[in-house]
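Each remark here refers to the structure printed beneath this line.
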Amino acid sequence: MERIPMTIEGYQRLRDEIKRLKSTERNAVAREIEIARGHGDLRENADYDAAKEKQGLLEATIRDLEDKLARAEAIDVSSLSGDRVVFGATVTLCDVDTEEEQTLTIVGEFEADAKAGRISVTSPLARGLIGKRVDDVAKVQTPGGTRSFEIVEVTFG
């Protein structure tokens, strides 16, 4: 079974989401099914069919999230240190061409959120940064061509 790296925070968010789906969402769908049953013949009841479809999708989502949680390898990034880019590092980069700086945190695949500055450890940018140190230049292949980034700072926690 392949382990999935994940921060402690990402692991907790995943657990909380499973708990929410199992309690709140399951109960809401069960109520929808019960209400739809009261509408008469189940063979011609679109509300019942829709509620059962929703229930099936919910259960599939719960199974998927539980699988991810079972395979998760929660890593406490606050215990990490050093100047080398690794999983969990927060990296400040400077685009060599535009001199634009950005700060990104390398996280697990299922907790990535580009808008929040969290990139997946499996992304091309993260793979290009892993193992580099402060002042190193990482060349990363992007859809628009090769881009170079200088590592300005590496922090943890």
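Scanning the stretch 17-48 for residues that are basic (K, R) and either part of a loop (DSSP other than H, G, I, E, B) or more than 33 Å from the chain's Cα centre (by Cα) (or both) yields R37, R43. Return yes or no: is K115 basic (K, R), more than 17 Å from I75 (Cβ to Cβ) and surrounded by fewer than 16 Cβ atoms within 10 Å (Cβ to Cβ)? Considered against the rule, which asks whether it is basic (K, R), more than 17 Å from I75 (Cβ to Cβ) and surrounded by fewer than 16 Cβ atoms within 10 Å (Cβ to Cβ), K115 comes out as yes. Note on the stretch 49-157: enclosed strands (runs of 3 or more DSSP E) holding 2 or more residues that are out of contact with any Ser or Thr (no Cβ under 9 Å at 6 or more places or on another chain) are 72-75, 137-142, 145-155.
State whether the residues of the stretch 24-47 include one that is hydroxyl-bearing (S, T, Y) and surrounded by 11 or more Cβ atoms within 10 Å (Cβ to Cβ). No.
The listed residues are G88, G128, G56, and the only one of them that is surrounded by 12 or more Cβ atoms within 10 Å (Cβ to Cβ), within 24 Å of the chain's Cα centre (by Cα) and under 30 Å from L21 (Cβ atoms) turns out to be G88.
Read-outs: derived from the displayed coordinates by stated rules, not from any lab. All figures in this text were calculated on a predicted structure; none of them were measured in a lab. All Cβ positions, glycine included, derive from the backbone under ideal geometry; neighbour counts span all protein chains shown.
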